[in-house]
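Participant: Below is a structure I'd like to ask you about.
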Amino acid sequence: MLRWLGRGGQVPDFEEVALVHLDLLYRTALRLTHDRVEADDLVQETWLRALRHFDQFDPGSNCRAWLVTILRNAFLNRLRRRGRERLESDTPEEEFFQTVFHGDVERALKSLSPAFQQVIVLADLEGFTYKEIAQVLHCPIGTVMSRLSRARQLLRTELQTLARAHGYSEGSR
């Protein structure tokens, strides 16, 4: 296997490539768990898995997407292991995205399918590129673009409905 050479012509070590993404991992974990201790544990688990499998990481690829994929899978596995009862969701994937938001935005986002929720969170909250989202979700870039466009349209419509219902927008009476 060919290895990418970093500064000075050496193979970069794990910390050099991954450490810059630690804050992103913590923010994402905190949004998912709503608990600092649990978020710390999730980031630690993600970090250990990534370190353990760093030899499988392609240095020419996107480390941020690779780490968020590991974090997402670790979170979903924790939900499955716990067998936690979920009141309004049927799958860990739904739980993953429904734990991110509160209030009207949460209600509007919950009205979307999990596939639409995922692209909204990754693109609009975390700033991932289409290519990064495609890597995380294991789908073509065209699918990401299509889902994101449709998800934004559906979310906009739902938020407008909620705004009218709360009197924040014309046509509320």
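Participant: Kindly rank 154-162, 23-31 from highest to lowest mean number of other beta carbons found within 10 Å of each residue.
Facilitator: Values: 154-162: 15.8, 23-31: 18.0.
My ranking of the peptides, most packed first, is 23-31, 154-162.
Participant: For the range 138-149, in order, what is each residue's ³J(HN,Hα) by Karplus, 6.51 cos²θ - 1.76 cosθ + 1.60 with θ = phi - 60°, in whole Hz (x at glycine and Pro)?
Facilitator: Each residue's phi maps through the Karplus curve to give 6, 9, x, 4, x, 5, 4, 4, 5, 4, 5, 4 Hz.
Participant: Let me ask something else about it. Rounded to the nearest 0.05, what FRET efficiency do E15 and R164 give with R0 = 45 Å and r taken as the Cβ-Cβ distance? Could you check?
Facilitator: 0.35
Values quoted throughout were computed directly from the atomic coordinates according to the rules given, and no laboratory measurement underlies them. Quantities reported herein were computed from a predicted structural model and do not represent experimental measurements. Because the Cβ atoms are built from the backbone with ideal geometry, glycine has one as well, and the counts that use them run over all protein chains shown.
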